Amino acid sequence: MLAGIRAGMARQADRRRGAPPPAKPIPVIPARATAPGIDVVDLFHRQVLEAKATLEVVASRSDVPAAVARYLTARNAPAQIRLAPDRRIADLPWANAPLLETATGRSHGMDATSVTPAVAAVAETGTLVLQSSAETPTTLHFLPDHHVVVIGRDQIVGTYEQALARIVRDADGGLPRTINFVTGPSRSGDIGKVLLMGAHGPKHLHVILVDEAL
Amino acid sequence: MTVLHDSNAFKANAATALHDASLQEALAIAREHSIPTRARAIERLPEFERLRNSGRDLKNHVIAHLDQYLLQFEQSVVARGGHVHWCPDAGSARARVLEICRSVDARTVTKGKSMIGEEIGINAFLEANGIEPIETDLGEYIIQLRRETPSHIIGPALHVTQAQVEETFRKSHDGLDPARNLDDPAALMAEARAHLREGFLKADVGITGANFLIADEGASVIVTNEGNGDLTQTLPRIHIVLASIEKVVPDMHDAMTLLRLLPRSGTGQELAVYVTFSAGPRRAADLDGPGEYHVILLDNGRSAYLGTEFEEMLRCIRCGACLDHCPVYHSVGGHAYGWVYSGPIGSLLNPALNGIENAKPLPHASTLCGRCESVCPMRIPIPKMLRHWREREFAGAIAPMPERRLIRLWAFFARRPWLYRLAARLAARGLHLLARGQGRLKSAPFAAGWTRHRDLPAPQGRTFQEQWRARS
């Protein structure tokens with residue numbers, strides 16, 4: 001098979017008649033999230049809403065449990081949540097919301113709501129960047145009906161490229177098994193071109209933005 | 001296991017499609033929807049045209065270094081504990097998938113949307129070998145139940161109306177209460193979601209496609225809206241990726257260039273809901289994810305077009321914009337093209353992958369209006385390449401006899417300019433007289449095919465060349 005591909009490369013070289021092969025272009029990065037004076041937090045907020053997710057800003061880490069409880073009550077969702085084992089989530093003062101029943105670990109499909117951290121949040125398109133690890137299982141990002149993502153203000157960046165720089169690499173230097181870019185809740189337009197939320201992944205995506213470092 | 005190849009029946013298929021009321025209803029909805037949606041997305045990104053140049057140049061670069069990037073991709077996948085299977089044709093790809101499924105005695109396989117899966121006919125093959133494939137993309141699921149091929153690259157069930165979806169679910173879902181109201185799209189989607197959840201949780205193997213392969217990281221990328229692809233590749237023990245060779249890009253930054261183009265061109269979204277990068281099997285400490293990661297690297301005839309006048313079609317990222325903007329596709333839908341790829345890009349790919357003799361009418365299923373090229377994020381010159389197929393068809397004596405005679409007749413005159421001018425003068429004057437000053441003809445010799453449906457505009461008596469000479 002490689003021989004067939006290499007025969008093709010030889011034909012290309014003939015056609016080029018000594019000219020060098022096409023070079024790799026310089027990437028074009030949209031100015032939307034990089035121009036001077038852009039407030040990336042404000043842009044992220046607007047783009048998240050446009051992607052049909054919801055967002056609440058809270059002042060500090062200790063406000064998160066109550067915000068999660070309020071969110072669930074408002075949507076008539078059960079008061080049970082599955083937390084990512086990640087310290088930034090598991091160590092929040094959940095006792096502040098005594099009615100919430102918490103468990104940690106991956107999901108097996110029985111959890112109505114998950115609460116997870118993110119690697120970064122991208123203002124360009126209101127995109128959350130999540131990654132798999134022992135502390136952040138991927139099942140939490142897809143199986144529950146409600147996915148609550150808690151981010152700190154300093155995690156918001158302008159572009160995808162800036163977010164990629166924050167991915168935590170494996171011990172041997174490569175990517176983690178999975179990186180998820182998530183922009184709004186799951187949806188489909190496959191029935192009569194009508195856009196509906198909650199096809200297979202979460203029906204609701206809620207961002208809690210903590211106005212300090214997590 | 002037969003893969004449908006009736007592209008040669010395009011004319012008959014098109015005639016049927018034009019009289020299919022429910023298809024026309026579905027096409028009308030799609031037409032109204034897709035053009036303005038894309039236009040709005042592009043208007044919001046001033047850099048879009050520059051991004052198109054960048055995407056085109058990137059793919060040209062990859063195509064000129066394809067062996068190198070594929071080998072680098074393989075090395076990176078293997079370094080992360082994954083496997084790459086080089087498959088020259090559809091048969092070898094199917095056999096490899098089956099082998100992997102059998103290694104864990106798989107009974108059920110979930111599938112994310114994959115055009116390569118359609119191209120190699122993987123579902124029918126697995127079924128014939130006692131393995132149940134479950135399509136999980138809503139559109140693919142609907143057409144799997146209806147035993148159809150996709151009619152659009154990114155909206156496979158575009159031809160199915162809401163009422164037909166309800167009918168399909170009622171027929172196929174055992175235990176569905178006949179009294180249950182499925183009168184709106186949301187109820188239908190809820191029914192599919194509940195039904196497919198069981199499939200996700202019981203599957204032994206998950207098969208997805210790949211929008212891109214990243215050479216230096218050994219990662220595959222899927223772009224979806226439903227989240228089905230992620231459940232497909234996260235829950236089972238094995239993740240198999242079906243990808244063709246031209247999907248490789250050098251690094252993550254290149255994938256970002258294509259990501260800024262693909263959803264905007266395809267669905268008019270700023271970004272699809274889920275973009276997922278997968279590199280190898282789960283890590284030792286991970287709580288979830290597949291234990292094995294396999295990539296099927298399919299050629300299936302593509303490499304034969306490297307270094308030819310058709311090479312540029314390998315830039316295609318399967319966004320579907322050319323279908324969404326094609327007046328022919330708008331009128332007849334995807335199935336008329338007779339295979340899994342349809343619309344303008346299908347008219348290039350089907351002859352390329354199945355042989356021009358099996359897709360003779362497709363290069364002609366175009367008015368060459370150029371809308372496809374004007375929206376293609378990879379700037380593929382589709383009309384130019386359709387003309388290349390027409391040339392090959394003529395050169396290979398594949399075109400129908402009357403057409404070949406006509407072209408030869410024209411060539412006879414074209415090689416003798418004085419005779420050409422004389423004949424043109426006679427024809428122009430003759431037709432002018434025939435029209436008796438009406439300026440149009442209700443019928444004309446040898447032109448019944450045209451005049452049956454519309455008048456033929458008649459020349460005003462003098463040829464263009466004569467008028468031009470009179471002016472200068």
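A short reminder: the numbers here are calculations on the coordinates, not readings from a lab. All figures in this text were calculated on a predicted structure; none of them were measured in a lab. Quick reminder, even Gly has a Cβ in these numbers, built from the backbone with ideal geometry, and neighbours come from all protein chains shown.
Please verify whether segment B:289-299 includes one or more residues that are in contact with a His (Cβ under 7 Å, 6 or more places away or on another chain) and of a type in the set (Ser, Thr, Tyr).
Looking through segment B:289-299, at least one residue is in contact with a His (Cβ under 7 Å, 6 or more places away or on another chain) and of a type in the set (Ser, Thr, Tyr).
Test residue A:27 against the stated conditions and say whether it is facing chain B (nearest Cβ under 7 Å) and either in contact with a Pro (Cβ under 6 Å, 6 or more places away or on another chain) or closer than 17 Å to residue B:271 by Cβ (or both).
Yes: the conditions hold for residue A:27.
Taking residue A:37 as the residue in question, decide whether it is of a type outside the set (A, V, I, L, M), exposed (fewer than 14 other Cβ atoms within 10 Å of the Cβ) and within 30 Å of residue B:250 (Cα to Cα).
Answer is no for this residue.
Would segment A:172-188 turn up any residue that is free of Cβ contacts under 8 Å to residues at least 12 places away in the same chain, buried (at least 19 other Cβ atoms within 10 Å of the Cβ) and among the acidic types (Asp, Glu)?
no
Okay, residues lined up against (1) in a loop (DSSP other than H, G, I, E, B); (2) touching a residue at least 24 places away in the same chain (Cβ under 8 Å); (3) within 30 Å of residue B:236 (Cβ to Cβ); (4) over 17 Å from the mean Cα position of the chain (by Cα):
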{"site": "A:65", "(1), (2), (3), (4)": "no, yes, no, yes"}
{"site": "A:70", "(1), (2), (3), (4)": "no, no, no, yes"}
{"site": "A:78", "(1), (2), (3), (4)": "yes, yes, yes, yes"}
{"site": "A:103", "(1), (2), (3), (4)": "no, no, yes, yes"}
{"site": "A:108", "(1), (2), (3), (4)": "yes, yes, yes, yes"}
{"site": "A:124", "(1), (2), (3), (4)": "yes, yes, no, no"}
{"site": "A:150", "(1), (2), (3), (4)": "no, yes, yes, no"}
{"site": "A:162", "(1), (2), (3), (4)": "no, yes, no, no"}
{"site": "A:166", "(1), (2), (3), (4)": "yes, yes, yes, no"}
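Which number in (1) facing another protein chain (nearest Cβ under 7 Å); (2) closer than 30 Å to residue B:152 by Cα; (3) in contact with a Leu (Cβ under 8 Å, 6 or more places away or on another chain) marks the one condition that residue A:141 misses?
The one condition residue A:141 does not meet is (1).
Say whether the condition of being within 16 Å of the chain's Cα centre (by Cα) and under 19 Å from residue B:329 (Cβ atoms) is met by at least one residue in segment B:386-393.
yes
Filter segment B:257-268 for residues that are hydroxyl-bearing (Ser, Thr, Tyr) and either under 25 Å from residue B:77 (Cα atoms) or facing another protein chain (nearest Cβ under 10 Å) (or both) and give the result. Give the steps one after another, and end with the answer.
Within segment B:257-268, the subset hydroxyl-bearing (Ser, Thr, Tyr) is B:257, B:265, B:267.
Result: B:257, B:267.
Consider segment B:304-327. How many of its residues are at the interface with chain A (Cβ under 10 Å from one of its Cβ atoms) and free of Cβ contacts under 8 Å to residues at least 60 places away in the same chain?
4
Among the numbered conditions (1) within 7 Å of chain B (Cβ to nearest Cβ); (2) in a loop (DSSP other than H, G, I, E, B); (3) of a type in the set (A, V, I, L, M), tell me where residue A:118 comes up short.
(1)
If a residue must be without any contact (Cβ under 8 Å) to a residue 40 or more places away in the chain and buried (at least 23 other Cβ atoms within 10 Å of the Cβ), how many such residues does segment B:117-132 contain?
So the count comes out to 1.
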